[in-house]
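What follows is a set of notes on a single structure, which appears directly below.
We did not get these values from a lab; they are worked out from the coordinates using the rules stated. All values derive from a computational prediction rather than experimental measurement.
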Amino acid sequence: MSEEQMAQMILASYRLIISLNITYDDWKLDNLYLVDGRVVFLDMEYVYELDFDPERAIQLSRAAILERWHQFREQYHKYGEIEM
């Protein structure tokens, strides 16, 4: 799976959260599970009322997702494992 495919799957589920006028702010990959081909968010203690443009929230979240993804990949390539 490419980074872009992974980001799009996460954002598809995140748009549902945004549609409820809330935003999620705990972008750790271990808080996201793949279930039946869809991403499910766990650990919802960092959910807040959305008080700015939803599209901006999606852009910021996409950047956060990919930053975490790059950190984990770099750690895996360097040490052969990922520590959560």
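Structure data summary
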item: Relative contact order, percent, the chain [alpha-carbon distance under 8 Å, six or more residues apart]; result: 32 percent
item: Gained length - PHE52 relative to MET9, 0.36 nm times residue gap less alpha-carbon distance; result: 13.2 nm
item: Extension gain from TYR33 to GLU67, taking 0.36 nm per residue of separation minus the Cα-Cα distance; result: 10.5 nm
